[in-house]
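Below is one structure, written out as structure tokens; the observations come after it.
Here, each number is a calculation from the coordinates, and none is a lab measurement. As the structure is a prediction and not an experimental result, all values here were calculated from the model. Methodologically, a virtual Cβ is constructed for each residue, glycine included, from the backbone with ideal geometry; neighbour enumeration extends over all protein chains shown.
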Amino acid sequence: YIPKESSEAFAYLAKQFHRFKHNPNFKVLVVDDSASTRSYVRNLLERNLYEVIEAENGQQGLALLAANPDTQLIITDYEMPVMNGVRFVSEVRKTYAKESVCIIGLSGGGATSLSARFIHNGANDFLQKPFCLEEFYCRIYQSIEHLEHMAKLKQLADVDSMTGLYNRYAFFNKANQLGGKIESSQYAVAMIDIDHFKKINDEFGHDMGDEVIQNLALSLQQEFDREILCRMGGEEFVVWFIDGSAQSHCHLLDAFRERVGEQLVRCGNYETHYSISIGYACAPDNIEQVIQYADQALYQSKTQGRNQLTL
Ligand code: GH3
Ligand code: MG
Ligand code: MG
Ligand code: MG
Ligand code: MG
């Protein structure tokens, strides 16, 4: 069965979703025991230049997925040896969330409740064979649009828009994800706070304040490109060291503090220097606790005169 693509609807679709066409970075896994269905679907996908990988059963599909973590869409048949499509979908969902990998169930005939079972087990969508091309592309584009929306939401939720660093919410999320995986059994964290920042705002205005915050964020990104960085709030930042010794961390941090003090920040007709205080802590407790230790050390840096590092 070869559907025709002749309708106006198809032309409309192509125009409407034009930006989803011809994307060689979009990787699709096609799982089907029928070689002819696989090659037919591959052909439709390759018209849009998508990269296609193929598996003939669910087990192969899972292995391919593990080897291709950048896969964004899976199109899977139902009737297959080893495991059926619904079972495959629920296996995929044990590792890959709906937000990052879309799944479209595909089947000819079968029970009418099959689409419900697919979706109930984690598929985003369903296509009944034989399908017309409008519907095929329509569902693909809808999946891509969904992935885009989710990525955008995640970006908005996780990233501080002023600095591009993780916000507090994303930082603790990440900490919880990584928590179990960190082997070193030590958390090493620096809390950094700009000194007398209120004065900068008062003297030069909030735009200068923003400029100084962005200057510090950029400097942090340049210096600590292997560490996890976060803007905890206002003019307060966290550097989380994933490896290295406490001695090397403190050496880096103190040199960083000195360089920050030498920088001149400009905003309009104004220019200013600024300094930072740092508190450092390294301990085997949980991340919240170690951040609290670093905060106490930071408080000491402040009371002892600012522009310094305390362990
Ligand atoms: P200290 O040396 O003790 O840290 O003094 P400080 O003035 O830096 O600290 P304080 O916490 O009293 O003041 C922080 C100020 O930062 C208060 C708030 O108005 C300002 N602030 C917070 N977020 C922003 C921002 O995004 N932009 C600007 N311009 N100011 C901000
Ligand atoms: Mg089959
Ligand atoms: Mg303060
Ligand atoms: Mg401050
Ligand atoms: Mg502060």
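Only beta bridges with both residues in the chain are counted; by DSSP, about 50 percent of them are antiparallel. Farthest towards the positive end of the charge dipole of the chain, among the residues TYR270, ILE242, MET80, is the Cα of MET80, using unit charges on the Cβ of Lys, Arg, Asp and Glu. The trypsin sites (Lys or Arg not before Pro) of the range 81-158 that DSSP puts in a loop, and whose beta carbon has at most 11 other beta carbons within 10 Å, are LYS94.
Panel order for HIS249, HIS196, by other beta carbons found within 10 Å of each beta carbon, from fewest to most: HIS196, HIS249. With everything on Cα atoms, drop me the angle between helix 206-223 and the longest principal axis of the chain, reported from 0 to 90° to the nearest 10. Taking the Cα atoms of the chain, the angle to 206-223 is about 70 degrees. With the charge dipole of the range 143-227 set up from +1 on Lys and Arg Cβ and -1 on Asp and Glu Cβ about the Cα centre, the Cα lying farthest toward the positive end among the listed residues ALA217, GLN186, TYR169 is that of GLN186.
Converting phi to 3J(HN,Hα) with the Karplus coefficients 6.51, -1.76 and 1.60 and the offset θ = phi - 60°, the range 187-197 yields 9, 10, 9, 10, 9, 10, 9, 6, 7, 6, 5 Hz in sequence order, with x at every glycine or proline.
The Cβ shell under 15 Å around ASN23 holds other residues with a net charge of -1, Lys and Arg each +1, Asp and Glu each -1. A simple spin-label model places pseudo-atoms 7 Å from Cα toward Cβ; at GLU271 and ALA35 they are separated by 7.2 nm. The spacing between the range 118-177 and the range 244-303, judged by their C-alpha centroids, is 36 Å. In the neighborhood of GLY233, defined by Cβ-to-Cβ distances under 13 Å, what is the net charge if each Lys or Arg adds +1 and each Asp or Glu adds -1? Computed value for this residue: -3.
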